[in-house]
Amino acid sequence: MKISVIYSHAARQIREWTLDLEPGSTALQAIESTGVLEEFAELRRQPLLLGIWGRRVAAGKVLRDKDRVAVYRGLPVGPEARRPGRGWRRGGR
């Protein structure tokens, strides 16, 4: 079955892999087969956040043909924490 794996390690920098996996493969197996965990060591320092077509899934989720698995990266600062500072710098408030 054909599976796509995507990961964006920085803003506007997206890596994509297309895999041909055996039926019954899991999201974690797809991620491991790309080598992304070795290439981007920061992924091993935190729990993996995965999704299929924009919906969060567990690493053990069994994949279907033409699924697109995304590796999500954590936000360094939440959007709520960033917003007040942006308005202040622009002369707002």
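Where a number appears in this text, it was derived from the coordinates with a stated rule and is not lab data. Just so it is clear, the model here is predicted, and its values are computed rather than measured. So basically every Cβ, Gly included, is an ideal-geometry build from the backbone, and we count neighbours across all protein chains shown.
With K and R counted +1 and D and E -1, the other residues having a Cβ less than 12 Å from that of L37 yield a net charge of -2. With one equal scatterer per alpha carbon and no solvent term, the Debye-computed log10 I(q)/I(0) for segment 1-59 at 0.19, 0.24 1/Å reads -0.72, -1.17. The simple Förster model, with R0 at 35 Å and r as the Cβ-Cβ distance, assigns R73 and M1 a FRET efficiency of 0.85.
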